[in-house]
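Below is one structure, written out as structure tokens; the observations come after it.
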Amino acid sequence: RTLLGNFPSLPQVACFDTAFHRDHDALADHYAIPYQLHTEGIRRYGFHGLSYEYIAKRLPRVAPDIAGGRVIVAHLGSGASMCAMKGGKSVESTMGFTALDGLAMGTRPGQLDPGVVLYLLTEKGMSASNVQNFLYRDCGLKGLSGVSNDMRELEASADPRAAFAIDYFVYRVGLNAGMLAAALEGLDAFVFTAGIGEHSAEVRRRICAASAWLGIELDTESNERHAARISKPDCAVSAWTIPTNEELMIARHTGRLLGLAAARE
């Protein structure tokens, strides 16, 4: 509104982080609530769509053999989610109506029984705004560890609660990998991206170990040097580290809408 008031001729473009997930089947987007609420917009949207869109566009160049297959992409950062892609399209996501769902994040709890929210409201006497602030700012790795929301600090810490927070994060990524593999009815590749996914060789190692039953066999040396492919050459499910670029996707969408030359990498 401020920009519109001061610069009325300046184009404004919104790039929705949910758009990439709009091809989901209705079964993936519904909650088990009355249909009228779904029509009013209470549905599973999914987030980090710009990141997943970028990875989907990079895969044909980085890993053409699996680009059209069944791929789990793990966007692991302060905000974290996972996406199941088939043929470069989103099939399922760990995030739902808001960016609170799914994996534990830096300060957000991830999957949470709705009864916990009701308990905070009715038994703890917290207001709705206090609950919202609590869920967005005081949970996740920060809440579990009592140390930090930064994975780098947790990995460097000797506090057993920091170790527990990392254990929890890895455990939940592994659980959700199984769920997404089921949504894809099989798996061809697993891609790590975003801050933790791109930079923490130890977290990648542990997640690959937890997902070994899916067919991932980690190549330790490739993982340690942050290579693009971090799995052994002949394993059933390949594993990759691909840096994301959400800003580039925003630039490309904006350029396309405004009729400008396509943004370049």
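The values are calculated or read from the model by the stated rules, or taken from the named source; none is laboratory data. Not measured: the values here are computed from a predicted model. Here the Cβ is made from the backbone with ideal geometry for all residues, glycine too, and neighbour counts use every protein chain on show. Note: areas computed on protein heavy atoms with side chains; ligands, DNA, RNA excluded. Shrake-Rupley method; radii C 1.70, N 1.55, O 1.52, S 1.80 Å.
Quick notes
- Considering the stretch 233-263, and only residues there that are of a type outside the set (Gly, Ala, Ser), touching a helix residue (DSSP H, G or I) at 6+ places or on another chain (Cβ under 9 Å) and open to solvent by 80 Å² or more (accessible area, probe 1.4 Å), the residue that is modelled with the lowest pLDDT turns out to be 260.
- Residue 141 vs. criteria of a type in the set (A, V, I, L, M), over 24 Å from residue 48 (Cα atoms), without any contact (Cβ under 8 Å) to a residue 40 or more places away in the chain and touching a helix residue (DSSP H, G or I) at 6+ places or on another chain (Cβ under 6 Å): no
- Residue count for the stretch 23-54, restricted to those that are in contact (Cβ under 8 Å) with a residue 12 or more places away in the chain and open to solvent by 90 Å² or more (accessible area, probe 1.4 Å): 2
- Here residue 161 qualifies as touching a helix residue (DSSP H, G or I) at 6+ places or on another chain (Cβ under 7 Å) and open to solvent by 20 Å² or more (accessible area, probe 1.4 Å).
- Given (1) open to solvent by less than 90 Å² (accessible area, probe 1.4 Å); (2) free of Cβ contacts under 8 Å to residues at least 60 places away in the same chain; (3) part of a helix (DSSP H, G or I), index of the condition residue 112 fails: (3)
- Qualifying positions in the stretch 30-46 - among the β-branched types (Val, Ile, Thr) and in a loop (DSSP other than H, G, I, E, B): 33, 42
- Selection count where residues are without any contact (Cβ under 8 Å) to a residue 12 or more places away in the chain and either at positive phi or open to solvent by less than 50 Å² (accessible area, probe 1.4 Å) (or both), scope the stretch 213-232: 1
- Test: residue in the stretch 7-17 that is within 20 Å of residue 237 (Cα to Cα) and open to solvent by 20 Å² or more (accessible area, probe 1.4 Å): no
- Once the stretch 133-158 is narrowed to residues that are farther than 17 Å from residue 198 by Cα and of a type in the set (Lys, Arg), the residue that is surrounded by the most Cβ atoms within 10 Å (Cβ to Cβ) is 142.
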